[in-house]
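Below is one structure, written out as structure tokens; comments come after it.
The values are calculated or read from the model by the stated rules, or taken from the named source; none is laboratory data. Quantities reported herein were computed from a predicted structural model and do not represent experimental measurements. All Cβ positions, glycine included, derive from the backbone under ideal geometry; neighbour counts span all protein chains shown. Surface areas here come from the heavy atoms of the whole protein model, side chains and all, with no ligands, DNA or RNA. Shrake-Rupley method; radii C 1.70, N 1.55, O 1.52, S 1.80 Å.
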Amino acid sequence: EEEAFLLSLYQFMKDRDTPIERIPHLGFKQINLWKIYKAVEKLGAYELVTGRRLWKNVYNELGGSPGSTSAATCTRRHYE
């Protein structure tokens, strides 16, 4: 399931002329794209996470540093 998701994601991004050339980082850790997708899905998908301001929860789920003040914004931007 994870491999199929990643193949689909890379193809989608390539098709819209925004290929993923480097996996983004949060802090000093590379983002696990599958894990961030599943974390957002678990909280109700993008619109719900954004509407309820749950991006910090997603960041925490990824094992982010508790002291980061821009964690929610950075997490949302990387997801987008």
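Scan region 26-62 for residues that are touching a Lys or Arg at 6+ places or on another chain (Cβ under 9 Å) and hydrophobic (A, V, I, L, M, F, W, C) and the total you get is 5. Across region 38-80, the number of residues qualifying as open to solvent by less than 50 Å² (accessible area, probe 1.4 Å), outside any helix (DSSP H, G or I) and either modelled with pLDDT under 90 or of a type in the set (Phe, Trp, Tyr) (or both) comes to 4. Within region 21-59, the set of residues being under 13 Å from the mean Cα position of the chain (by Cα) and among the aliphatic types (A, V, I, L, M) comprises Ile23, Leu26, Ile31, Leu33, Ile36, Ala39, Val40, Leu43, Ala45, Val49, Leu54, Val58.
Among residues of region 24-38 that are on the phi < 0 side of the Ramachandran plot and without any contact (Cβ under 8 Å) to a residue 24 or more places away in the chain, those with a beta-carbon under 7 Å from a residue that is among the β-branched types (Val, Ile, Thr) and open to solvent by less than 30 Å² (accessible area, probe 1.4 Å) at least six positions away or on a different chain give the pairs His25/Ile31.
Which residue is least open to solvent (accessible area, probe 1.4 Å), if the candidates are limited to region 25-37 and must be farther than 15 Å from Ala71 by Cα and not aromatic (Phe, Trp, Tyr)? For region 25-37, the residue satisfying everything is Leu33.
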